[in-house]
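Some notes on the structure that comes next.
The values are calculated or read from the model by the stated rules, or taken from the named source; none is laboratory data. For clarity, every value in this text was computed on a predicted model and none was experimentally measured. All accessible areas refer to the heavy atoms of the entire protein, side chains included, with ligands and DNA or RNA removed. Shrake-Rupley method; radii C 1.70, N 1.55, O 1.52, S 1.80 Å.
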Amino acid sequence: MFIHVQDAHYVKNFTVWVSFDDGIEGTINLKDFLKGQIFEPLQDVKVFKEVFYDPTTGTICWPNGADFAPEFLRKHIVLKE
């Protein structure tokens, strides 16, 4: 089964809230995963805040082309209680 992000928004610091198409939602702190050429600009929180949900790709993205696979996000989510 493929999983897709349904909605997302910036929370604080390097944390994003996401909801998935199976009803799961929660937050993910991505600070430790911002490595490599495409992700290094996101280490600046001002740039990180530009995160958005892209319905075409079904995941979160940034204007510089960075994104994370929905499966990766789901693996690292802290569930809403």
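Some notes on this structure:
- Criterion: modelled with pLDDT under 95, open to solvent by 30 Å² or more (accessible area, probe 1.4 Å) and of a type in the set (D, E, K, R) - qualifying residue of Lys49, Lys12, Lys80: Lys80
- Given (1) open to solvent by less than 30 Å² (accessible area, probe 1.4 Å); (2) modelled with pLDDT of 95 or more; (3) of a type in the set (A, V, I, L, M), number of the condition Ala69 does not satisfy: (1)
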